[in-house]
Amino acid sequence: MTGINQNYVYVKGSAGIITVSSNAFGLIQVHSVIGYQNNRWDNLKATIRLGAAGTRFLTSGDGRYAYLHNLIIDGQGYSDTRATSFGNNQRSYAYNCEFRNLTYGLWAQGGFTVDNCIFENITTSPFGYTTGSISRCIFKNCYGSVGNPVTVDRCIFFGGNTGIYNSGYVGQITNNTFYNLSGDAIYFYSNYTVTIANTIIIYNNIFSNISGYAINYANNGLQYNLVSKNNAYFACTSGNFYNGRGNDPNVGNIQLVSQIQLSSSPFVNPSVGDLRLNNDLTGGRLCRGASISSTSIVTTSIDALDLGAVQSSSNLVDRNLAPVSKSLTIKQGTTSYTEFINLIGTGYTIGNLKAYYTRVGSSPVEISLTSQTVNGAWTSGGFVEIDNNSMPGIYRFDVPNAVFSSGSSSAILQISNLSTGDKAIIIYKFQDQQTLDFTQTFPNSNVAQSIGDALNAARSSGFGRWTLNDRTLSLYGADNTTIVKTFTLNSSTFPTERS
């Protein structure tokens, strides 16, 4: 084991992966371990691998702590591996790091403050003890809990059973996404024998596909305060909320406010980790722009617009269910015409929608919708979404030829989901074909101030002969016989104007 007593230790990633097979470095005083690739502070990561069971990368006794930046620490699946093993110390800090394939991620009796880090395939617990504030982190396929954090903000808990455990500490849990966990997402347990005044704030989170409870208040002692507000739930097997004290009056101050029950998944493609919000009216659409600010004794969070950790460009305007309309001018008698329409909801099929058109002087006619493919040949009533991921809400629709047939000046088309009010409206104005015949002839004699007059003037100026007889100027047509225009000059020898 090597002792570190410098303030800064830099790990150059481009020099190669570092592999350690025993407890590598013991801290002698406070210091930072900073990874980089080619230039210090390029914010790129260096990789450190633990090469044997029982290995710790950093160790320390009481009173010492570290700042970790831009590191990937990989336990490679060996048993009893830890990135750190610290005694009872002040809060350590980790930023922009990854902790993978370890038994424990960060072990420190004084806890860690963590920002913008990834924990993946941690078999026992991401943290060995109570931890500090956690923000913008991903916990993927991890086991064990995140214990007694002060705040958890904008984090993703994906797979495994890692959620949040609180035993009566003050805390705030805001704008997180919990997906596909095999246990409870948030578990509270306190065996205090007296009522405590600590408050837990739970705002703007999404709980989806949780096999246990989203929030399990399994309290065995006297109560502490819990406020759950503006959270969204989908497919939580055991339930959204469990009150372990039942009707015990000591439970007291539990507030469940503005809970949002989703009836469809809110995510684009969660099975592959795409936890962006979709546009389904009963799913992701209810979470877009739905965050509220939370003010507590811990902190104020107002920057997130959507529920959950993954943000979109949603706002209050694009949440309105106003019909999408457009007006087009099109040739009457058009056939095999394909239209692209925009609906608020995604994933619609022909079973979700109704389509009608009407023409001036006619009754509405229902259009029989037919399943189509994105690149298929035109089929009357063909309908398909272009791509739920890259172009959500954009659909192809093959307009029946009857909409454009002769006998009317315009038509209006509507495709709608009658149960939600989601609709697209298109107005077609018919215009007869305009043909300009460049072989058409016109006479040399014409009505004054007509188009023929203008064309003759152009023709006579460029193609026919001109003659001057005293003060009379005559312009001839292309046959050099027909006079198409005469002018009177103010002089036969030195004219300066014509009339």
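The values are calculated or read from the model by the stated rules, or taken from the named source; none is laboratory data. Being a predicted model, the structure only gives us computed values, none of them experimental. Don't worry about glycine lacking a Cβ; one is built from the backbone with ideal geometry, like all the others, and counts go over all protein chains shown.
Can we say THR335 is at pLDDT below 90 and either assigned by TED's automatic domain parsing to the domain that holds ASN176 or out of contact with any Ser or Thr (no Cβ under 7 Å at 6 or more places or on another chain) (or both)? So that I can check it myself, show each step before the final result.
On the way: at pLDDT below 90: no; either assigned by TED's automatic domain parsing to the domain that holds ASN176 or out of contact with any Ser or Thr (no Cβ under 7 Å at 6 or more places or on another chain) (or both): yes.
It is false that THR335 is at pLDDT below 90 and either assigned by TED's automatic domain parsing to the domain that holds ASN176 or out of contact with any Ser or Thr (no Cβ under 7 Å at 6 or more places or on another chain) (or both).
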When ARG319 is evaluated against the numbered criteria (1) at pLDDT below 55; (2) closer than 29 Å to ALA355 by Cβ; (3) buried (at least 16 other Cβ atoms within 10 Å of the Cβ), which criterion, by number, is the only one it fails?
-> (3)
Condition set modelled with pLDDT of 90 or more and closer than 14 Å to GLY105 by Cβ, scope the stretch 56-75, selection surrounded by the fewest Cβ atoms within 10 Å (Cβ to Cβ): answer is ILE72
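Table: residues versus (1) within 58 Å of the chain's Cα centre (by Cα); (2) modelled with pLDDT of 70 or more; (3) at positive phi.
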{"residue": "TYR428", "(1), (2), (3)": "yes, yes, no"}
{"residue": "ASP432", "(1), (2), (3)": "yes, yes, no"}
{"residue": "THR435", "(1), (2), (3)": "yes, yes, no"}
{"residue": "ASN444", "(1), (2), (3)": "no, no, no"}
{"residue": "SER460", "(1), (2), (3)": "no, no, no"}
{"residue": "PRO495", "(1), (2), (3)": "no, yes, no"}
Tell me, please, whether a residue that is within 20 Å of VAL150 (Cβ to Cβ) and among the basic types (Lys, Arg) can be found in the stretch 86-101.
-> yes
The listed residue being within 23 Å of SER135 (Cα to Cα) and modelled with pLDDT of 95 or more, out of ILE206, ILE201, ILE215 = ILE206
Does GLY289 count as modelled with pLDDT of 90 or more, assigned by TED's automatic domain parsing to the domain that holds ILE138, surrounded by 13 or more Cβ atoms within 10 Å (Cβ to Cβ) and outside any strand (DSSP E or B)?
-> no
ILE341 being part of a loop (DSSP other than H, G, I, E, B) and either closer than 30 Å to THR435 by Cβ or touching a residue at least 24 places away in the same chain (Cβ under 8 Å) (or both) | no
Confirm whether THR472 is over 30 Å from SER336 (Cα atoms) and modelled with pLDDT of 70 or more.
-> yes
Quick one: in the stretch 338-359, which of the residues that are more than 16 Å from ASN279 (Cβ to Cβ) and at pLDDT below 90 is surrounded by the most Cβ atoms within 10 Å (Cβ to Cβ)?
-> ILE350
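Please go through the stretch 138-167 and pick out each residue that is part of a loop (DSSP other than H, G, I, E, B) and in contact with a Lys or Arg (Cβ under 8 Å, 6 or more places away or on another chain). It would help to see each step written out before you state the result.
First, pick out the residues of the stretch 138-167 that are part of a loop (DSSP other than H, G, I, E, B): 143-145, 148-150, 154-155, 161-163, 167.
Selection gives ARG154, CYS155.
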Could you list, in sequence order, the residues of the stretch 141-157 that are buried (at least 20 other Cβ atoms within 10 Å of the Cβ) and more than 23 Å from GLY87 (Cα to Cα)?
-> CYS142, VAL152, ASP153, ARG154, CYS155, ILE156, PHE157
Here the residues within the stretch 464-475 that are touching a residue at least 12 places away in the same chain (Cβ under 8 Å) and more than 17 Å from ALA454 (Cβ to Cβ) are ARG465, LEU468, ASP470, ARG471, THR472, LEU473, SER474
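Yes/no per residue for (1) surrounded by 14 or more Cβ atoms within 10 Å (Cβ to Cβ); (2) modelled with pLDDT of 85 or more:
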site: ASN219; (1), (2): yes, no
site: VAL227; (1), (2): yes, no
site: ASN230; (1), (2): yes, yes
site: GLN261; (1), (2): no, yes
Out of (1) assigned to a loop (DSSP other than H, G, I, E, B); (2) modelled with pLDDT of 90 or more; (3) within 26 Å of VAL152 (Cα to Cα), the one ASN88 does not meet is (2)
Could you list all residues from the stretch 382-412 that are crowded, with 21+ Cβ neighbours inside 10 Å and either touching a Pro at 6+ places or on another chain (Cβ under 9 Å) or charged (D, E, K, R) (or both)?
-> ASP398
What's the number of the condition THR124 fails, among (1) among the hydroxyl-bearing types (Ser, Thr, Tyr); (2) surrounded by fewer than 19 Cβ atoms within 10 Å (Cβ to Cβ); (3) within 18 Å of ASN166 (Cβ to Cβ)?
-> (3)
Out of (1) over 60 Å from the mean Cα position of the chain (by Cα); (2) modelled with pLDDT under 85; (3) β-branched (Val, Ile, Thr), the one ILE451 does not meet is (1)
When you look at THR177, is it more than 17 Å from ASN148 (Cα to Cα) and at pLDDT below 75, yes or no?
-> no
Among the candidates ASP153, ASP115, residue that is over 19 Å from TYR187 (Cα atoms), out of contact with any Asp or Glu (no Cβ under 7 Å at 6 or more places or on another chain), charged (D, E, K, R) and assigned by TED's automatic domain parsing to the domain that holds ALA94 | ASP115
